[in-house]
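Values quoted throughout were computed directly from the atomic coordinates according to the rules given, and no laboratory measurement underlies them. Remember, predicted model here, so these are calculated numbers, not experimental data. Here the Cβ positions follow ideal geometry from the backbone for every residue, glycine too, while neighbour counts run over all protein chains shown.
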Amino acid sequence: MFRSLLFLLTAAGLSAQELPLAEALRRADAHNPSLLVHGYAGRAAGALIDQAAVRPNPVLGLEFENFAGTGALRGTDAIETTMQVSQAFERGGKREKRVIVARRERDVADREFAVRRADVFAATVASYVAVIAAQERLALSTTTLTLAQETADAVALRVKSAVGSATEAARARASLALARADHARAESALAQARAVLAASWGGGATDVPVLTRTLPVPAELPAQDALLARLAAHPRFELQQAVISSRRASFQLAQSQTVQDVTVAGGVRFLREGSDAGFVAGVSVPIPFRGQNQGNIRAARETLAGAEQSVRTLDAELRTVFTAAWQDLATARTVARDLRADALPATEEALAIVRRAYAQGELPLLDVLEIQRAHAVLRREILDAEIAAANALVRLDALTDSTFPLTTALLSAQ
């Protein structure tokens, strides 16, 4: 069946060049549009670190006194000019803590990229499996269409020989029309699946050749406990730890804001009368009468506590997703194996018997169409179960190992 599909797709102009899963992942890693954005985000985070390390600039002040008044202060005869430079000195390690916050934010950005990259890989593998599934559905619809065409041709001969009825011919043509419609939908679904896969690396559908793979069910279930042990290495856990470190740094920065900065000023005062001049100097410190930044400190403390609590929530969420994927795999594997081992041979045997009986005039066409329909439905159910098992493996791999060993092993078991 797959060889006939390969011939049909190649004849339609599609390349038969192989595209391994590893190559699809390499393309996605190198060219996925959303991953390319990270370079800009990384440079932006580096700029924010540089900005956080900048010290306060000095301030140049120029003051004019004793002018435009009354009496001796009329006009500008008694004007006094003071020019001074002031410099604020940060205390409490504010500058160092700002740098730490900026660095922790960059770490968060890096971990967010790792999560995004893992999501892109998972989507790419799922799309790869979807292309194989679409090819299998097209192959199945091709077989069904061929069978419907053979039946319609046989009925037409019987009608021509005055053995069959016009009613039988009409039913056969209707069955053939349904098979053609199903085949057209399968072709469209394959084209869409190929376009989605190619979009993983910013390409087009023509970049995806025929995938010479099938979707057998796993011979054995993977070790559940071993997979669960790998769950702690999921990129989202690393992201959450980076978020906690960032929130802790923000909390420490908020605490440092309660330490008052000192501003030192110095300059020269010019006296109009006698053109005398003198140095001036001063030191200023804010009086912590109100507003000790307590609101920001409480907010930072609660944000940190929320980030720490989120680790437990994330663990529960990932375990729930893992359990669902595991159950889907186990169920789909059992269904596919049982239907293929028991139901499919019986249905194929019944189909052969009914077709022979119809050819000998012992059964009506309705029995042939009914068994053909049942056979097609059964094969679709088997394929659906095999696809469900493959998708469950992809989800388990995405949770436990970014190299997707389970999916790779399944696709290699040809």
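Among VAL131, VAL37, VAL394, which one shows the biggest mean-square fluctuation in a GNM of the chain, springs joining Cα atoms closer than 10 Å?
It is VAL37.
Can you report the principal axis dimensions of segment 145-203 using only the alpha carbons, biggest first, rounded to whole angstrom?
Between the extreme Cα coordinates on each principal axis of segment 145-203 lie 59, 14, 10 Å.
Give me the mean projected area, in nm² to one decimal, of the convex hull enclosing the Cα positions of segment 332-400. Each step should come with its number before you reach the end.
Values: hull surface 18.4 nm².
Mean projected area for segment 332-400: 4.6 nm², to one decimal.
From the mean inverse distance of alpha carbon pairs (Kirkwood) and the Cα radius of gyration, derive Rg over Rh for segment 374-414. If you can, show how the numbers build up before the last one.
Details: Rg = 12.6 Å, Rh = 11.1 Å.
Expressed as Rg/Rh, it is 1.13.
What is the Cα centroid distance between segment 369-397 and segment 107-151, reported in whole angstrom?
14 Å
Could you state the per residue volume, in Å³, of the convex hull enclosing the Cα atoms of segment 232-290? Let's see the in-between values first.
Details: hull volume 8.1 nm³, N = 59.
Hull volume over Cα atoms, normalised by residue count, gives 136 Å³.
Using a 10 Å cut-off on Cβ atoms, rank the peptides 97-107, 368-378 from the highest mean neighbour count down. Before the final figure, lay out each step's value.
Working: 97-107: 20.0, 368-378: 17.6.
Final packing ranking: 97-107, 368-378.
If you build the Cα gyration tensor of segment 217-325 and take the root of 5 times each eigenvalue, what three semi-axes come out, in whole angstrom, biggest first?
Computed over segment 217-325, the values are 62, 15, 8 Å.
List the extent of the Cα atoms of segment 278-414 along each of their three principal axes, largest first, rounded to whole Å.
Extents along the principal axes, in whole Å: 125, 33, 31.
How big is D, in µm² s⁻¹, for the chain by Stokes-Einstein at 10 °C and 1.306 mPa s if Rh is the Kirkwood radius over C-alpha pairs? It would help to have the intermediate numbers written out before the result.
On the way: Rh = 28.4 Å.
Translational D for this selection: 56 µm²/s.
Which of these, ASN391, ASN66, ASN296, has the largest mean-square fluctuation under a Gaussian network model of the chain (Cα springs below 10 Å)?
ASN66
Once you compute Rg and the Kirkwood Rh from C-alpha atoms, what is the Rg to Rh ratio for segment 116-233?
Details: Rg = 21.6 Å, Rh = 17.6 Å.
A ratio of 1.23.
Quick one: compute the contact order of the chain, relative version, from alpha carbon pairs under 8 angstrom and 6+ residues apart, as a percent. Don't jump to the answer; show the numbers that get you there.
On the way: 525 pairs, mean separation 91.7, N = 414.
Computed over the chain, the figure is 22 percent.
Considering only SER127, SER188, SER161, give the residue with the highest GNM mean-square fluctuation for the chain, with springs between Cα atoms whenever their separation is below 10 Å.
Looking only at SER127, SER188, SER161, the largest GNM fluctuation is found for SER161.
Based on the Kirkwood radius over alpha-carbon pairs, what is the Stokes-Einstein translational diffusion coefficient of segment 203-252 at 25 °C with 0.890 mPa s viscosity, in µm²/s?
Details: Rh = 15.8 Å.
The diffusion coefficient I find is 156 µm²/s.
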